Structure formats: structure tokens, C-alpha cells
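Just so it is clear, none of the values below were taken in a lab; they were calculated from the coordinates. Computed from a prediction, not measured in an experiment: that's the story for all the values here. Note that we place each Cβ from the backbone using ideal geometry, even for glycine, and neighbour counts take in every protein chain shown.
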Amino acid sequence: MSSQQPSASPPSGVEKTDEEWRRELTPEQYRVLRAHGTERAGTSPLNAEHRPGMFRCAACGQPLFESDTKFDSGTGWPSFYKPLDGAVGTSNDGAYNMQRTEVHCSRCRRHLGHVFPDGPQPTGERYCMNGAALDFAPASAPSGSAKKE
Ligand SMILES: [Zn+2]
């Protein structure tokens, strides 16, 4: 029951303690979102998620990707060709001397995955996401064609 931890560096962006994150997230989610981990390919149940709905940030709930933009990239990670407007931010990730573009939630800034320039049209981009960083909310109202456009 020793729940008092010396908080060395308070998290920026979202006002939660490390302990709160640990309590609310699964260990795998915590590892990906908080520690920039990458889940093992093929481990996310979201790979097989094909229902219409919304993929949201597992940390803060912000909608990130519509199921329409999900495609099977064959990588073993949930992949999308387009995020919602303003839903994600990117930064240059020079880790391991590989030029990758890191993708994070624009709201809570938690790490989501990476984006690569080899995706399908119309964007040509491949957002390679950690399933553990996402939360899927199935579309609830099938009546009256919720299809956009
Ligand atoms: Zn978020």
C-alpha cells in the first residue's frame, strides 16, 4: 500500500501522475504510451477490427482515426492512411539513426506510432499505430446511414 512515490518529473500536457497512468492503462498500454515502446507485431486485437467506428487515443479518448481509413498493411500493426484533422502531431524521430516520423496524440501528446510515406492513395501515407495506444469505439447507430460524404 505504499502509494506515495517521489514524483521526480511531473508529466506535462496531461495532469496525471505516473501512478494514475499505471492504474488506468494496461501494462502494455503504459509501455507504449508513456515509454515510447513498440508492441510486438500482430499482438493487437485491433489488427482484426473491421467494424465501422472510431479509433481513439487510449490515454485521453480523443478521436484519432475513422475505421474508413484503416487498411491492412500486412505489418501486424493497425494502419491508417489518414488521421482526423488535427488529431495527431508529428515530430522527427532520430532514434537508432533511422529517420522516422513519430506520431503522437495532439491532445495529450502520448506516443502512438510512426508515419511512413509508403501508404495507399489518396494520401500515400501509412500511419503505423500501436494497437495498445488505441481504443476502438464501434459505431453505435446503424440506422439511417451514418456514412459521411
Ligand atoms: Zn491522447
Phi-derived 3J(HN,Hα) across segment 57-73 with the Karplus relation (6.51, -1.76, 1.60, θ = phi - 60°), rounded Hz, x for Gly and Pro, is 5, 5, 8, 10, x, 5, x, 10, 9, 8, 4, 4, 9, 7, 9, 8, 8
Computed label-point distance, nm, for sites THR38 and ASP93 using a 7 Å Cα→Cβ extension: 0.7
By how many nm would the segment from PHE116 to SER140 lengthen if fully extended, with 0.36 nm per residue of separation less the alpha-carbon distance? 5.5 nm
Return a whole-number percent for the relative contact order of segment 12-131, with Cα pairs under 8 Å and 6 or more residues apart as the contact set. 23
Cα-projected label distance for ARG31 with GLU49, points at 7 Å along beta-carbon direction, nm: 1.9
